[in-house]
Amino acid sequence: MSEFIPGLELAGMFFREAVKPLLDRGFPKLLYSAALIGSGSEVLGFDTEMSTDHHWGPRVMLFLEPDAHRHYRGPIDQALRRGLPLRFHGYSTNFSAPNPADNNVQLLVEVDAPPINHRVDILTIREFFAAYLGFDLDLPLEPADWLTFPEQKLRTITEGAVYYDDLGLQNICDRFAYYPDDLWYYLLASAWRRIGQEEHLMGRAGLAGDEIGSAIIASRLVRDIMRLCFLMERRYAPYPKWFGTAFDRLECARDLSSTLARVLAATSWQERERHLVTAYEYTAGMHNRLDITEPRPARASNFWGRPFQVIQAVGSFAEAIRARISDPVLIRIASRGLIGGLDQLSDNTDLVSDPSWRRPLRRLFE
């Protein structure tokens, strides 16, 4: 078995040692950018040996100018099929055809001779962003765009690697580096609103004898607290498989992870509440350290006289943050309700993954 090489590192080596020399020899005047962005655990640096069993291997994305793409895509593809090594650092460079019965997954398949079914994707920058984000790079980024981009995709655009850059790909990726301040305020306010809408329900379900319902609400609150923490540390959250892994790399995780784990492991609503209160008060302190509003109460209290401890009974974090928004478009959006962005609205995989949903979703914010 080949020694595991993280995919981003392998892709960089593959480009420099195998792909670039072929391009230098056969297309010496070609302008292009080379990168690994978009889908794949390796793009986020979360790949392991298990990741090598599908859609993983020596690969890279080659971006050409539109005219060059029309004229040279075919010749470059053929040069790579004939000229790439059969193996690279112990891994086959040949991939199976996409499997339509398994989400078009491609696997590494050994071959004894060319042609190689390589995974050097030859693209234009504009067509990649249109297909991956459903966004035309010639247009300005509007609030409705930001609010319908999945965080998991924004993370894979900003945390991949650009290995060579004649065309300014890195500058384009940097456009998506993080939310503008007013959008950040809106998403923070929406995150606090979600917590405020359910923090008292966990105990109420438990008091009514519904421990399963209480546990479900508590788990939803844990996820909402974690999403709030990603926002407060200005980091995009990845998709569910890597959500907890990425959370553990946040600064706050050192103090919060064990508390949130205790919430999930609790067997009674009173125990869940005790640990949730610790988490609420910690995140309230995080908010106050952001210094974006006047300090908010960082101690839990009873929910309007009922025996349930919540953090927002006295003073709304959401309303205090909403008051900071100055963009007229976002003020209008927020005035209709703090429903948040796509990831706060739904975790449906098809809705989040398929960019064709962006056009109807934008209407929520227009």
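For the stretch 277-323, which residues satisfy the criterion of being of a type in the set (D, E, K, R) and surrounded by 14 or more Cβ atoms within 10 Å (Cβ to Cβ)?
The answer is GLU281, ARG296, GLU319, ARG322.
A quick yes/no check of all residues on (1) in contact with a Ser or Thr (Cβ under 8 Å, 6 or more places away or on another chain); (2) not small (Gly, Ala, Ser):
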{"position": "ALA68", "(1), (2)": "no, no"}
{"position": "TYR72", "(1), (2)": "no, yes"}
{"position": "TYR91", "(1), (2)": "yes, yes"}
{"position": "ASN99", "(1), (2)": "no, yes"}
{"position": "GLU110", "(1), (2)": "yes, yes"}
{"position": "ASN117", "(1), (2)": "yes, yes"}
{"position": "THR124", "(1), (2)": "no, yes"}
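If I ask for residues that are more than 13 Å from SER190 (Cβ to Cβ) and of a type in the set (Val, Ile, Thr), which ones from the stretch 322-346 would you list?
VAL329, ILE331, listed by residue number.
Can you run down the residue pairs with Cβ atoms below 7 Å, 6 or more apart or on separate chains, where the first is in the stretch 45-57 and closer than 20 Å to PHE243 by Cβ and in contact (Cβ under 8 Å) with a residue 24 or more places away in the chain and the partner is among the acidic types (Asp, Glu) and crowded, with 19+ Cβ neighbours inside 10 Å?
Matching pairs, first to second residue: SER51/GLU42.
Select, from THR48, THR52, the only residue that is modelled with pLDDT under 95 and surrounded by fewer than 19 Cβ atoms within 10 Å (Cβ to Cβ).
Numbers: THR52 fails: surrounded by fewer than 19 Cβ atoms within 10 Å (Cβ to Cβ).
Only one candidate passes the filter, namely THR48.
Which residue out of GLY209, GLY203, GLY244 is surrounded by fewer than 21 Cβ atoms within 10 Å (Cβ to Cβ) and under 16 Å from SER268 (Cβ atoms)?
GLY209
Quick check on my filter: what residues within the stretch 263-300 are under 24 Å from ARG235 (Cα atoms) and among the basic types (Lys, Arg)?
Those that are under 24 Å from ARG235 (Cα atoms) and among the basic types (Lys, Arg): ARG289, ARG296.
Can you tell me which of PRO66, PRO28 is exposed (fewer than 14 other Cβ atoms within 10 Å of the Cβ) and either without any contact (Cβ under 8 Å) to a residue 24 or more places away in the chain or within 17 Å of CYS173 (Cβ to Cβ) (or both)? Quick ask: steps written out before the conclusion?
Details: PRO66 fails: either without any contact (Cβ under 8 Å) to a residue 24 or more places away in the chain or within 17 Å of CYS173 (Cβ to Cβ) (or both).
Going through PRO66, PRO28 in turn, the sole match is PRO28.
Go through (1) farther than 30 Å from THR124 by Cβ; (2) modelled with pLDDT of 95 or more; (3) surrounded by fewer than 21 Cβ atoms within 10 Å (Cβ to Cβ) for ALA218 and report which single condition fails.
Result: ALA218 fails condition (3) only.
All but one of (1) under 19 Å from the mean Cα position of the chain (by Cα); (2) modelled with pLDDT of 95 or more; (3) farther than 15 Å from PRO143 by Cα hold for GLY341, so report the exception by its number.
(3)
Could you please find all residues in the stretch 27-63 being part of a loop (DSSP other than H, G, I, E, B) and of a type in the set (A, V, I, L, M, F, W, C)?
Listed by number, the residues that qualify are PHE27, LEU30, LEU31, ILE37, PHE46, TRP56.
Please count how many residues of the stretch 322-366 are part of a loop (DSSP other than H, G, I, E, B), of a type outside the set (D, E, K, R) and in contact (Cβ under 8 Å) with a residue 60 or more places away in the chain.
Counting residues in the stretch 322-366 that are part of a loop (DSSP other than H, G, I, E, B), of a type outside the set (D, E, K, R) and in contact (Cβ under 8 Å) with a residue 60 or more places away in the chain gives 6.
The values are calculated or read from the model by the stated rules, or taken from the named source; none is laboratory data. This one's a predicted model, so the numbers in the text were calculated from it and none came from an experiment. So basically every Cβ, Gly included, is an ideal-geometry build from the backbone, and we count neighbours across all protein chains shown.
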